[in-house]
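Data first, discussion second: the structure below is written as structure tokens.
Rule-based calculations on the coordinates, nothing more; no lab input. Just so you know, these numbers come straight off a predicted model, no measurement behind them. Here the Cβ is made from the backbone with ideal geometry for all residues, glycine too, and neighbour counts use every protein chain on show.
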Amino acid sequence: MDDRVKNTSIQEIFHKMDYGESYEKVDEAIEWIKNKESSFFANIEKSTESVNGTKVELKNRINEEMVCAQYVPEAETVKKILSKSNGKVKWIDISAFQRTTLLNKLAAEIEKSAGVLSQLEIVCRGILGRDTRSNAILLLAQYFYYYSNFAMKYGHENPNWKPEGVAVGVISNENVLSNLGLILAPALASGYNVVLQVGTALFPTVAFIIELAKKVGIPEQVIRLIPSDDGDLQPYLSSENVSLLALLVDLNNEKYVGSNILNKKILNLSSNKIPVIIFDNADLDSACTSIIDAAWGYQGLLPWSVNTIIVQENVVDKFLSKLKTEIHATKVGLGNNKLVDISSTGESSFNKLDKLIKSAKDQGIEVFQATENLKSFTPTLFVGGKVSTNRVLSADEDQDANVVTVIAFRSIDEAVNLANNSRQGLAASVWTENVGIVNEVAKKLRVNNVWINSHGLTAPEIALCPVKDSGTGYFGGKEGFYEYVQVKKTTDSPTTSNAPTKISSSQASFVSFAKKSQENWSRLSKLNKSKIFQKFAEYVESNKKELGASMTSVFLDEWIAEIFQCVTETNNSNTTTQADYNVVSAREPRGVIAIENEVEYELKNIRLILTALFEGNAVILLTNSTNSLTLYNELSTRLPTAVFTVLSYNLNNIQIISAHKELGAYFGEGVNAVYSALPLRDSKIYTNVSNNWNDVYRKVTFSKNVWSNIGKSSTCNLSTY
């Protein structure tokens, strides 16, 4: 036998095989766009109106020829659309059963239209056809199937429920198509009329889906589309006809501006890229194969696309050798090429990549590309350092360039710290065969999803609950539905528009102190916390006479009742099965929470304070209450220092708290002038106090989902061993 054959692995032969050329047809998409191009504008009431707005041309990503023109409306047109969007035809007036039926039909039509949808994504965004079919269309349809059930269930249980305005969704071009379902499906299931502002590259595909909605019987006026890449969100934030905003954009991007002057409910999911942690006992081959798709699949637009690989020091060289081999074998091409592994990104992304490479080389960072001096996108590794860390480029440029950085670590804590030292809090994947390491790392990571020896797993039933700069609120799961029905609409203008003044470090120190105390408090078992709460309840009961001099007996009885409700109704982790994976979902505290308490004897604030504390948060209470102060001070003395802090409710203290980046949530009543003046990335943590215990519980905690493979023992024939 030839020695070359003996020394060549099957894997190497497979990688070098040439299958020729094979391209996907896009004729149906092109034909549909040509027939519908005249409707690619924002109509105020009917699609038969004359075209309005500024013309924007969209190029075909295959041949760079113009494929269509869209018309981006002026701000005044957007305001008119919002004023008309909840007018003659109200989706909530259609019966719950019919809404359920129509959403199911829409899901089925999306599945049937997978071919045209994937063609539209090829033409308009250059996304590989199989990426759209495997990563987007199936999940998008599943969201509509899943939430259709809630339309009937909630409608039956709450026959008088009606939205107090429209739901607005803003979806940038930097989103996977399935993310549309995170907004549109629960909004329609809960009865809203919906206004969607969609990035111009994504707009034709979404317009096709809305046409499917009309085809199955959803009235035209229920979903209104606005093509725009504009970041001015003020028309939505200022409109009294808007109930809530769901923003699938990166609010750290300076282009997104607007003041939440009415303190509207904001949901936000940003596609900040995530880390992978690889330990020395991991299956390195499987990890490398996964990373190619995790980093560069779907053009890096998935919410969980990877930009950092953290590898145990003693296997870095071995891992890099394997990963470089995978990259060498990875084929890059246009979105219509069936035989490529990843599709090339646009010119803008390539220019950012080129700039990033030059900066890395200037800093002495090792740069690896399978082929150098290209004039188009190619997978790129930086070994040993991140360029953006040294502030050569902004974090936005680092995100957009689709670069992956490989960093070594020595200890578990170092790996976790490297992973947590990021703006993102959506997910991380961990590769190891050691169960003890899995448990420790999953617990310490400050993210919503942890994937064990896998990546990017999701399901409609499992809620995304982004933390840090990845966003706020819940997307998916039953929690994602309740975001739309538990909304407190505010219409009053703020009493003052004073922006926060500059706060000294000494003034803000109590927030940092609370954060440090909270970390220890959260580690205390719930049984031990319940003992503290029970002792406090005994104090209230035995001192009713003295306390009754300033508080009513009804109010004190409510304190005692809420203590025991809080202790007994807390939810523990639960386990579900998704395909071949167990998903353990647990609740974790938000951190430091601030609560306004303007009104004496406000029972819902009792529930909020106690639930927040019992779930492991530190609470800063802003109050001018004199009657309840004795009770608050007694509770504070029974808890570790700084876990429960009582401050005067005044503008200065609100400014101090709002300026602190470690604050996890701020609960207020109505409109808060300080938060109204903050940038959206900071004001998004403001929320109104709720009367609903489950809503309170969801807001003072976030969910952590740990996905682990349960194996395939059913396919293993033990008799052969």
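Can you sort 27, 232, 131 from fewest to most other Cβ atoms within 10 Å of each residue's own Cβ?
With the fewest neighbours first, 27, 232, 131 line up as 27, 232, 131.
Measure nothing fancy, just the Cα-based angle from helix 435-444's long axis to the longest principal axis of the chain, in degrees from 0 to 90, nearest 10.
So the inclination is approximately 60 degrees.
Given the Cα-Cα distance of residue 371 and residue 317 and 0.36 nm per residue of separation, how much length would full extension add, in nm?
Computed gain between residue 371 and residue 317 is 17.4 nm.
Provide the net charge surrounding residue 297, with neighbours chosen by a C-beta distance below 9 Å and charges set as Lys +1, Arg +1, Asp -1, Glu -1.
Computed value for this residue: -3.
My understanding is that a pair violates if its Cα-Cα distance is over 25 Å; which of 324/361; 444/699; 478/704; 255/443; 318/355; 55/215 do that in this structure?
255/443; 318/355; 55/215
Does a label point 7 Å from the Cα of residue 162, set along Cα-to-beta-carbon, have any residues of region 47-90 with amide nitrogen under 15 Å, and which are they?
Answer for region 47-90: 86-90.
If packing is taken as the average number of other Cβ atoms within 10 Å across a peptide's residues, how do 520-530, 266-276, 679-689, 243-253 rank, most packed first?
266-276, 243-253, 679-689, 520-530
Nothing charged except the Cβ atoms of Lys and Arg (+1) and of Asp and Glu (-1): what's the magnitude of the dipole of the chain about its Cα centre? Round to the nearest 20 debye.
780
Work out the FRET efficiency for residue 539 and residue 413 from their Cβ-Cβ distance, taking R0 = 41 Å, and round it to the nearest 0.05.
Given R0 = 41 Å and the Cβ-Cβ separation, E is 0.55.
Relative contact order for region 169-310 using alpha-carbon pairs under 8 Å, separation at least 6, rounded to a whole percent?
24
Alpha carbon centre of region 270-296 versus region 235-256: separation in Å?
Result: 33 Å between the Cα centres.
Only bridges with both residues in region 503-707 count here: give the DSSP antiparallel percent, nearest 5.
Rounded to the nearest five, the antiparallel share is 40 percent.
Can you give me the relative contact order of the chain as a percent, contacts being Cα pairs under 8 Å and 6 or more apart?
12
At what distance in angstrom do the alpha carbon centres of region 86-127 and region 667-711 lie from each other?
The two parts, judged by their Cα centres, are 29 Å apart.
Select one label from (i) 3, 13, 21, 22, 18, 11, 6, 4, 2, 0, 0, 0; (ii) 3, 14, 23, 25, 20, 11, 4, 1, 0, 0; (iii) 3, 12, 18, 19, 16, 12, 7, 5, 3, 2, 2, 1, 0, 0, 0: the one whose number is P(r) over Cα pairs in 10 Å bins from 0, in percent as derived from the coordinates shown.
Computed from the coordinates, P(r) over Cα pairs in 10 Å bins from 0, in percent corresponds to (ii).
Distances over 31 Å make up what percent of all Cα-Cα pairs in region 503-707?
19
Extending each Cα 7 Å along its Cβ direction at residue 38 and residue 289, get the distance between those two points in nm, one decimal.
Label at residue 38, label at residue 289, 5.2 nm between them.
How many nm separate the modelled label positions at residue 358 and residue 133, each set 7 Å beyond the Cα in the direction of the Cβ?
If labels sit at residue 358 and residue 133, their model points lie 4.1 nm apart.
Over region 576-674, what relative contact order in percent results from Cα pairs under 8 Å that are six or more residues apart?
Rounded, it is 34 percent for region 576-674.
What aspartates and glutamates does residue 322 reach when the alpha-carbon gap must be under 20 Å and sequence neighbours fewer than 8 apart in one chain are set aside?
Filter leaves 12, 280, 283, 285, 293, 313, 341, 366, 372, 433.
For a quick protection proxy, order the peptides 313-319, 203-209, 184-190 by their average other-Cβ count within 10 Å, most packed first.
The most tightly packed comes first, giving 184-190, 203-209, 313-319.
Expressed as an acute angle from 0 to 90° and rounded to the nearest 10, what is the orientation of the C-alpha long axis of helix 114-125 relative to the principal long axis of the chain?
That helix lies at roughly 90 degrees to the long axis.
Considering the convex hull of the alpha carbon atoms of region 114-233, report its projected area averaged over all viewing directions, in nm², one decimal.
7.5
Roughly what % antiparallel, to the nearest 5, for the DSSP beta bridges in the chain?
Taking every DSSP beta bridge within the chain, about 30 percent pair in antiparallel fashion.
By counting other Cβ atoms within 10 Å of each Cβ, how are 264, 36 ranked from fewest to most?
36, 264
Express as a percent, rounded to the nearest 5, the fraction of DSSP beta bridges in region 27-269 (both residues included) that run antiparallel.
Within region 27-269, antiparallel bridges account for around 20 percent of the total.
On a full-extension model of 0.36 nm per residue, what is the gain between residue 579 and residue 461, subtracting their alpha-carbon distance, rounded to one decimal in nm?
So the extension gain works out to 41.2 nm.
Can you give the calculated 222 nm mean residue ellipticity of the chain, where each DSSP H run of n ≥ 4 adds -39,500 (n - 2.57) and the sum is split over every residue, rounded to the nearest 500 deg cm²/dmol?
-12000 deg cm²/dmol
Over region 575-693, what number does the Rg to Rh ratio reach, with both radii from the alpha-carbon atoms and Rh per Kirkwood?
1.04
When the Cα centres of region 588-656 and region 433-479 are compared, how far apart do they sit, in Å?
29
What is the Å³ per residue value for the convex hull set by the Cα atoms of region 618-665?
Cα convex hull per residue, to the nearest whole number: 72 Å³.
Once the piece of chain linking residue 661 and residue 49 is laid out straight, how much longer is it, given 0.36 nm per residue of separation minus the C-alpha distance between them?
Here the answer is 215.6 nm.
Any idea what angle helix 603-614 forms with the longest principal axis of the chain, computed on alpha-carbon atoms, 0 to 90 degrees, nearest 10?
Here the helix axis deviates by roughly 60 degrees.
What's the exposure ranking of 432, 626, going from fewest to most Cβ atoms within 10 Å?
626, 432
In this model, which of 529/604; 34/79; 265/468; 273/331 are farther than 26 Å apart at the alpha-carbon?
34/79
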